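Have a look at the structure below before the remarks.
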There are 4 protein chains.
Amino acid sequence: MKAARIIKTKEPLKIEEVNVPKPKNDQVLVRVQSAGVCHSDLHLWEGGYAGPQGVFMKVEDRGVKFPLTPGHEIAGTIEDMGENVTGFQTGDRVLVYPWIGEGTCPACRVGEENICDAPRSIGVYQDGGYSELVLVPSHKYLVKLGDYDPNAAASLACSGLTAYTAVKKASCLPSETMVIVGAGGLGLMAVQLAKAVTNARIAIVDIDDKKLAEAKRLGAHETINSGTTDPVKGIKDITGGLGAEAVIDFVNNSRTIPNSFNMLRKRGKLVMVGLFGGSYELNLPLVPLRALTLTGAYTGKFADLVELVAIAKQGKVQSVVSRKFSLDEANGALEELKTGKIIGRAVINP
Amino acid sequence: MKAARIIKTKEPLKIEEVNVPKPKNDQVLVRVQSAGVCHSDLHLWEGGYAGPQGVFMKVEDRGVKFPLTPGHEIAGTIEDMGENVTGFQTGDRVLVYPWIGEGTCPACRVGEENICDAPRSIGVYQDGGYSELVLVPSHKYLVKLGDYDPNAAASLACSGLTAYTAVKKASCLPSETMVIVGAGGLGLMAVQLAKAVTNARIAIVDIDDKKLAEAKRLGAHETINSGTTDPVKGIKDITGGLGAEAVIDFVNNSRTIPNSFNMLRKRGKLVMVGLFGGSYELNLPLVPLRALTLTGAYTGKFADLVELVAIAKQGKVQSVVSRKFSLDEANGALEELKTGKIIGRAVINP
Amino acid sequence: MKAARIIKTKEPLKIEEVNVPKPKNDQVLVRVQSAGVCHSDLHLWEGGYAGPQGVFMKVEDRGVKFPLTPGHEIAGTIEDMGENVTGFQTGDRVLVYPWIGEGTCPACRVGEENICDAPRSIGVYQDGGYSELVLVPSHKYLVKLGDYDPNAAASLACSGLTAYTAVKKASCLPSETMVIVGAGGLGLMAVQLAKAVTNARIAIVDIDDKKLAEAKRLGAHETINSGTTDPVKGIKDITGGLGAEAVIDFVNNSRTIPNSFNMLRKRGKLVMVGLFGGSYELNLPLVPLRALTLTGAYTGKFADLVELVAIAKQGKVQSVVSRKFSLDEANGALEELKTGKIIGRAVINP
Amino acid sequence: MKAARIIKTKEPLKIEEVNVPKPKNDQVLVRVQSAGVCHSDLHLWEGGYAGPQGVFMKVEDRGVKFPLTPGHEIAGTIEDMGENVTGFQTGDRVLVYPWIGEGTCPACRVGEENICDAPRSIGVYQDGGYSELVLVPSHKYLVKLGDYDPNAAASLACSGLTAYTAVKKASCLPSETMVIVGAGGLGLMAVQLAKAVTNARIAIVDIDDKKLAEAKRLGAHETINSGTTDPVKGIKDITGGLGAEAVIDFVNNSRTIPNSFNMLRKRGKLVMVGLFGGSYELNLPLVPLRALTLTGAYTGKFADLVELVAIAKQGKVQSVVSRKFSLDEANGALEELKTGKIIGRAVINP
């Protein structure tokens, strides 16, 4: 089978033939229909990313080994199955849950494999979806797609799932105010999900009026341009001076977090998602005095992906696939992403 | 009735006669047997406390009005009751829940009046227990003490409740590691409560070997002297390099928090309690990448005080009352507390 | 002030002048704009209702005392307030939470006063809304209505709240199946609320095709006429033979419960609401073998009424007020309800 | 390897040589040190059990296939591992979690494989521990035992886990009353676990004074002999007439459940565990009127077994192993269990 592989970081992916794995026990071999092209694929390709204080964080220090076939957003059909697989048939259309753990740590025990102490994620720690076929360790990591479009489905496994986890962690009640900071892909997905799973008032903060308008179209009740208005004042104004019950910060950097923190109501919750780096000088006594909570959201668990696919099938979220590449064009896909040419989402159709 | 009142901040409390209030509706008049002398009484007396960046935080800016009878840790007997009180009788021995809210904010609606947006706390925003009698707004703020010692009971309403809230927020499972930072009164109470309500391994961190030994006697499994050992390394060593599932920091200042943060396991929770001020340069991407949670604990809710009194009645926590004062000696009690002469807890017995 | 009072059960309500109460402490005097006419008002009037095995359950045995002004669904404006009320002003439009408890029992401690051991409900254990004015024990039992129609609001405090509690107890995830048994007022409210707060598939069971059609219009995905189809088979058919994750039975009698029980999936939850009497021969080992849960829902807590009013203000539920009576016509209102002439809801506008 | 297998129901187990399986992917081969002999092994041997209305429930109708090696309580050492196992080494002493599901149903998705819609339990649906070696489908079903006695550990996987699940479902707060009905092996385990994980008052009900005395020794605060006293009156007497917050019925038959139901407090929870058959005429309106919950507990989830082993290692539960058999004596072990000669627990040491 053909795969686009990172042989060495910073060098072009090599499109090569690799052996077709034979699924055993409850393993499943999936024929890839669509593999999303994600920013973290770029990090793998470049061998790392800029961490706090500008230090380059090498992915190899976190256990990644090359050669590696990237691609963690995978929709496809079942090609072959191990002898202990049940509930699936050859040809079933499925979305792959890639955030696989080793199985016994406290996170894995409660089904939160995405924050396993020793992750085995597909496309990161084992070969992924930039390939004609991918071996999935168990049928229990598959979500049936039915007729749902595989190109639209792919990114649910990563950015969609992250947005859903964040919205669930924010957990607002009817009439409470949920602020979403950043109206990019994640933020716009979060607006739609917040509308679908809460009855909260949704406020969106960004510096781009076009993105804010799109957020409004998708369900946001209030929009605040933080380039032209003080967003803390903006949120205080619409909450009777009290602040918001929850803020989800999809940027999570030194510029956004001071505002996100200061717009919290007593007992408020700040869900931190973005990985853009930076730090924040946290005023320590304010955390107990105002009974605040700061919590991180990182991808999501399998059970939540099942819920998210169900919501997507109901037509409640739109994911925009703007560009499609063949497997041979994998390097081009990453280049375009790197240079900012991709609006919305790109996928590879092997 | 006689009361020791703050007429003006920084001036001696005035021991004076005030009118006996007449309880109406569901109000209850309680004859004070024991009123705990707490550090926050000192803050009221001094008119404020040192906040972040050394700024003096005036209590009057937070809504406190003088003259005021301080005292929020109150055990006593029922003297008189309004016409709508049920379930209590004159003479019943009770502990007063002082963290009263205005009743309709989101916190009050779920019984967390202690973090009300517009607090009415007894001994802070209305007259408290440095008095022969205290008017409680409703019988619903009373916990029956039965034969339990009122002097031992008084501090349960404040420091005991804070420690209990923190232990519950840390919520460790059997065999998980709960780290308690600071082996003072709150920390030692937390050790006992952690032992009573979890099956976690309890590790205590302090710089005083005598306090650590006392913590061990009360149930801590591991002790770490952070004056002589790196506490992060200490916790990593006893957790297979992974870190602790929960850390409760009763100091919560610029020196303790860096360690408390760095000793957390993936998915770990940091419960921040202390009000000693200061700040911490939070590394933003680590919060999502490690799925960490930071949360503040401030006193506690009425339902938790009921639980705590039940645990105390079972003999599972010891609170040390070392000094007893009369109402006339109220100024002396505060002076001794201010100059650090009180070991354990002082009470006023009017 | 004028009030319509039950002086003696089974005799006409007496329209009489009673003294205007003077609010003290945190009591609030509310001028009634709309008082819902509920079936349980009939039970009070008749002095009881048919219990299990046809035994007449006397309300006086449950602590009700006459004379009594009935009426527990009350919307109105604030007329006067006690000295300790904050957050409200004279003239504010409010909905009254009537399910008041004595305040200290375990239910009250966690804000579930509706299942207090010693209830003080307005219109049942103390004078209610069939009156020009009603005394509410505390401002904390008031929900602000703003511009929301008081006639539509009134029944939220009883039937609306019961439906909301049931839907929350059923707590279905996206794509799970929630069955609602009974498409009467409660059931139709539940369909709308299930649509507003879940992404579950909603199936409604009734014997009346017109009601089923209305349920479909309001958001039900599947309708089953249990007069013409086996509802257990119907639910099994649409769930791949597995059964429903949750069933809310608003009838809860000997005819509906066998079906409701048998259509549950493993781990399923049966929420029992109706008070129509009867019994069910429960197969005991099936409860553990299938890990089932049966649970009762009875009115709801204050915090949920706040949420419900917020949802109603968003226009997500419709309550149909079909008949309006003056206070002088109170006997006529009860007679019409008794003889089944009221479709939807009747209110009294004093 | 040697195994004791049920070839045909009601015929003696055949001690025979079977092929040693070769572990693949994340499968683990465990050398059995101790296999508990459980009543449900008897049911397999006899081909079924008496269900409701005395109907014989055939295990083959529930998907069991013969020949089968029984034994679901398995402690042993790791003999061999598939290529994808991590975190374990050959020779590690482990307890096997036997309640394995197929992996994708809603129960499996949240880690409750024990109530999977299509179970694959070891010793029931696939070969179990009456054997020198057993193949476990994944390392994720293993709990490390360290030095803990394998004979004492074995029954934790079944009866211990069931008791723990029931105690957690009862979830009593400090000073609440938890009633345990039945002081047999499960009930006595539950008393110890209730003492270890709650601060509730524990009351035990049985008809055998010797068992009640043992329960008292292990931590029960109140004992009620239901052969000589009305247990409903007994519980009402010790709860001020209100009833118990939770009742766990380990018998769960037509004689015990009426009492267990009637001793519940408003909002009370009845946890039903026993599989002794029978039915109960449930008074339907009482469930909502008293806001009661009835819920079944059946074995438990993997995460709870991890917690339970941790508690057992702390010395907080005692399990009595009274008889040890060799693999060749497997038929004798079942015979003795059948004729009631086993007090406590029997194990097979292959």
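The values are calculated or read from the model by the stated rules, or taken from the named source; none is laboratory data. None of the values given here were measured: they were computed from a predicted structure. All Cβ positions, even for glycine, are placed from backbone atoms using ideal geometry, and neighbour counts span all protein chains on display. For accessibility, only protein heavy atoms count, side chains too; no ligands or nucleic acids. Shrake-Rupley method; radii C 1.70, N 1.55, O 1.52, S 1.80 Å.
The number of residues in region C:25-75 being at positive phi and of a type in the set (Gly, Ala, Ser) comes to 5. Entry remark, region D:224-256: residues being more than 13 Å from chain C (Cβ to nearest Cβ), touching a strand residue (DSSP E or B) at 6+ places or on another chain (Cβ under 8 Å) and not in a strand (DSSP E or B) number 5 in total. Being at pLDDT 95 or above and within 19 Å of the chain's Cα centre (by Cα) is a property that A:GLY111 lacks. When region A:185-203 is filtered for residues that are in a strand (DSSP E or B), within 13 Å of chain C (Cβ to nearest Cβ) and surrounded by 24 or more Cβ atoms within 10 Å (Cβ to Cβ), only A:ILE202 remains. If the condition is being of a type outside the set (Gly, Ala, Ser), open to solvent by less than 40 Å² (accessible area, probe 1.4 Å) and touching a helix residue (DSSP H, G or I) at 6+ places or on another chain (Cβ under 6 Å), then region B:104-129 contributes B:THR104, B:ILE115, B:CYS116.
Scanning region B:253-264 for residues that are without any contact (Cβ under 8 Å) to a residue 40 or more places away in the chain and buried (at least 21 other Cβ atoms within 10 Å of the Cβ) turns up B:ILE257, B:PHE261, B:LEU264. Can you say whether C:THR86 is modelled with pLDDT under 95 and not assigned by TED's automatic domain parsing to the domain that holds C:ASP209, as far as the supplied structure shows? Taking the combined requirement at face value, the residue satisfies it.
Of all the numbered requirements in (1) within 14 Å of chain A (Cβ to nearest Cβ); (2) at pLDDT 95 or above, B:ARG217 misses one, and that requirement is (1). Scanning region B:238-252 for residues that are under 21 Å from B:PRO174 (Cβ atoms), crowded, with 24+ Cβ neighbours inside 10 Å and among the hydrophobic types (A, V, I, L, M, F, W, C) returns B:ALA244, B:ALA246, B:VAL247, B:ILE248. Is it the case that D:SER279 is farther than 22 Å from D:THR198 by Cβ and outside the structural domain of D:ALA220 (by TED's automatic domain parsing)? In short, no.
Counting the residues of region C:13-36 that are under 18 Å from C:HIS72 (Cβ atoms) and open to solvent by less than 50 Å² (accessible area, probe 1.4 Å) gives 11.
Of C:THR86, C:THR90, all but one fail to be away from chain B (no Cβ under 14 Å), surrounded by fewer than 22 Cβ atoms within 10 Å (Cβ to Cβ) and among the polar types (S, T, N, Q); the exception is C:THR90.
Yes/no per residue for (1) of a type outside the set (Asp, Glu); (2) in contact with a Phe, Trp or Tyr (Cβ under 9 Å, 6 or more places away or on another chain):
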residue	(1), (2)
B:VAL306	yes, yes
B:LYS313	yes, yes
B:VAL320	yes, no
B:ARG323	yes, no
B:GLU329	no, no
B:GLU335	no, no
B:ILE343	yes, no
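Of the set (1) away from chain C (no Cβ under 14 Å); (2) over 20 Å from the mean Cα position of the chain (by Cα); (3) closer than 16 Å to A:ALA297 by Cβ, all apply to A:GLY182 but (2). For region C:159-173, the candidate set comprises residues that are at pLDDT 95 or above and either under 11 Å from the mean Cα position of the chain (by Cα) or aromatic (Phe, Trp, Tyr) (or both); within that set, the residue that is surrounded by the most Cβ atoms within 10 Å (Cβ to Cβ) is C:GLY160.
Within region C:110-129, residues that are facing another protein chain (nearest Cβ under 8 Å) reach partners that are charged (D, E, K, R) and assigned to a strand (DSSP E or B) with beta carbons closer than 7 Å, at six or more positions or on different chains, in the pairs C:ILE115/D:LYS266; C:ILE115/D:ARG267; C:ASP117/D:LYS266. Checked against the criterion of being open to solvent by 40 Å² or more (accessible area, probe 1.4 Å), outside the structural domain of A:GLY185 (by TED's automatic domain parsing), in contact with a Phe, Trp or Tyr (Cβ under 6 Å, 6 or more places away or on another chain) and at pLDDT below 90, the candidates A:HIS43, A:HIS39 yield just one match: A:HIS43.
The set of residues in region B:185-202 that are closer than 24 Å to B:SER155 by Cα and over 19 Å from the mean Cα position of the chain (by Cα) comprises B:THR198, B:ILE202.
Counting only helices (runs of 4 or more DSSP H) wholly contained in region D:269-350, the ones carrying 1 or more residues that are within 30 Å of C:PRO119 (Cα to Cα), open to solvent by less than 60 Å² (accessible area, probe 1.4 Å) and within 14 Å of another protein chain (Cβ to nearest Cβ) occupy D:286-289. Does any residue of region C:130-140 turn out to be open to solvent by 20 Å² or more (accessible area, probe 1.4 Å) and more than 14 Å from chain B (Cβ to nearest Cβ)? Scanning region C:130-140, I find at least one residue that is open to solvent by 20 Å² or more (accessible area, probe 1.4 Å) and more than 14 Å from chain B (Cβ to nearest Cβ), so the answer is yes.
Screening C:ILE78 with (1) within 14 Å of chain B (Cβ to nearest Cβ); (2) of a type in the set (A, V, I, L, M, F, W, C); (3) open to solvent by less than 30 Å² (accessible area, probe 1.4 Å); (4) within 15 Å of C:PHE302 (Cβ to Cβ) gives one miss only, at (4). Restricting attention to region C:96-109, the residues being within 11 Å of chain B (Cβ to nearest Cβ) and part of a loop (DSSP other than H, G, I, E, B) number 7.
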